[in-house]
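Heads up: the structure comes next, in structure tokens.
The values are calculated or read from the model by the stated rules, or taken from the named source; none is laboratory data. On a predicted model such as this, the values are computed, not experimentally measured, just so you know. So basically every Cβ, Gly included, is an ideal-geometry build from the backbone, and we count neighbours across all protein chains shown.
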Amino acid sequence: MKTLLLNAHPDNNNPNYFTFALKEEFLKHYNLMFPQNEIDVLNLYDEKIPTLSKKELTGVWRKQENNETLTQSEFMIAIQSEKLLKQFKKVIIL
């Protein structure tokens, strides 16, 4: 089984923050209880996450629906969106 751990702190590797200690404590207990499972970590501040706007995702989806050619930046948005969706879909939701 794979578990997705979302980090939503801009400085998530700084040991001076409570979120770092919380993440480390969670990982320690999780790995003890589920040693056969895998953790997939997504640091939200490290990712370019497309926005739901006409210039980004909704514009790309409209063009794809109409079989229109995407610009290079639109193509990159589509690729990033697909990558993130696959990452979310491959974990088991409890």
Selection status of PRO35, touching a helix residue (DSSP H, G or I) at 6+ places or on another chain (Cβ under 9 Å), without any contact (Cβ under 8 Å) to a residue 24 or more places away in the chain, exposed (fewer than 12 other Cβ atoms within 10 Å of the Cβ) and farther than 17 Å from LEU85 by Cα: no
Long-range neighbours under 8 Å by Cβ, at least six apart or interchain, first residue closer than 12 Å to TYR45 by Cα within the stretch 1-22, second among the hydroxyl-bearing types (Ser, Thr, Tyr) and outside any loop (DSSP other than H, G, I, E, B): ASN7/THR19; ASN7/TYR45; ALA8/TYR45; HIS9/THR19; HIS9/TYR45; PRO10/TYR45; ASN12/THR19; ASN12/TYR45
Extreme residue, nearest to THR3 (Cα to Cα), among residues of the stretch 51-94 that are at pLDDT below 90 and surrounded by 12 or more Cβ atoms within 10 Å (Cβ to Cβ): VAL91
Checklist (1) surrounded by 10 or more Cβ atoms within 10 Å (Cβ to Cβ); (2) out of contact with any strand residue (DSSP E or B) (no Cβ under 7 Å at 6 or more places or on another chain); (3) closer than 21 Å to LEU84 by Cβ applied to THR3, failing item: (2)
Scope the stretch 28-77; condition of a type in the set (Gly, Ala, Ser) and over 24 Å from ALA8 (Cβ atoms); matching residues: GLY59, SER73
For VAL41: the one exception among (1) within 23 Å of LYS90 (Cα to Cα); (2) surrounded by 12 or more Cβ atoms within 10 Å (Cβ to Cβ); (3) touching a Lys or Arg at 6+ places or on another chain (Cβ under 8 Å): (3)
Flag if LYS54 is in contact (Cβ under 8 Å) with a residue 40 or more places away in the chain and charged (D, E, K, R): no
